[in-house]
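Undergrad: My questions all concern the structure below.
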Amino acid sequence: TIAGTGNTGSTNGTGTSASFTTPYGITTDGTNLYVTNRNNLIRQIVISTVVVTTVAGTGSSGSSNGTGTSASFDEPQGITTDGTNLYVADKSNNLIRQIVISTGVVTTLAGTGSRGTADGTGTSASFNEPKGITTDGTNLYVADTENNLIRKIVISTGVVTWVAGTGSSG
């Protein structure tokens, strides 16, 4: 165990003095680990020191953009990084969020916030409980779970398109 007490919580600290509530997603930039939590927080673990801090999130459900702990999430699940930004599949908000690592600024990259399957640009596109996310450095690929689709987002433009899946169950 490098971090976590084993009990639910959101305490920042070093190693096993820190606590998490149902960690969902994890990614690394080689220096830090970034973890999404059921308690609506995005956490950072410095690999060399195992110091755990909160990067973003109030800890309460919401969809507010903002800086650091003034931003809110609702069941953030998947997380990936391009080294400059974190990208989060904010499941219950049906949004894809971007966090600038150096400043902690959180914005909505894509999604209306309502369930749907619409392709489009930025906040005109819609998702239905996105959970998984990864990047190739130019694009994001999203597991749009309840739509049974894999979606692609061009990071530079925010254009969302369908990649794979029929959109029906089965």
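Undergrad: What accessible area per residue comes out for the chain, rounded to a whole number of Å², with a 1.4 Å probe? Could the numbers behind the result be given before it?
TA: On the way: 7260 Å² over 170 residues.
Value for the chain: 43 Å² per residue.
Undergrad: For 144, 74, 82, give me the order by solvent-accessible area with a 1.4 Å probe, most accessible first, ignoring ligands, DNA and RNA.
TA: Numbers: 144 0, 74 40, 82 60 Å².
Largest accessible area first, the list is 82, 74, 144.
Undergrad: Sticking with this one: Given a cut-off of under 8 Å on Cα pairs at least six residues apart, what relative contact order in percent is computed for region 11-125?
TA: Relative contact order of region 11-125: 17 percent.
Undergrad: Could I ask something else about it? With both bridge residues required to lie in the chain, what share of the DSSP beta bridges run antiparallel, to the nearest 5%? Walk me through the numbers on the way to the answer.
TA: Values: 48 of 50 bridges.
Of the beta bridges lying entirely in the chain, close to 95 percent run antiparallel.
Undergrad: Leaving ligands, DNA and RNA out of it, report the carbon-plus-sulfur percent of the accessible area of region 1-99 at a 1.4 Å probe. Walk me through the intermediate numbers first.
TA: On the way: 1760 of 3880 Å².
C and S atoms contribute 45 percent here.
Undergrad: Kindly report, to the nearest 10 Å², the accessible surface of residue 14 as traced by a 1.4 Å probe over protein heavy atoms only.
TA: Answer for residue 14: close to 80 Å² accessible.
The values are calculated or read from the model by the stated rules, or taken from the named source; none is laboratory data. Keep in mind that this is a model prediction, so the values were computed, not measured. Side chains are part of the model used for accessible areas, which takes the heavy atoms of the whole protein and leaves out ligands, DNA and RNA. Shrake-Rupley method; radii C 1.70, N 1.55, O 1.52, S 1.80 Å.
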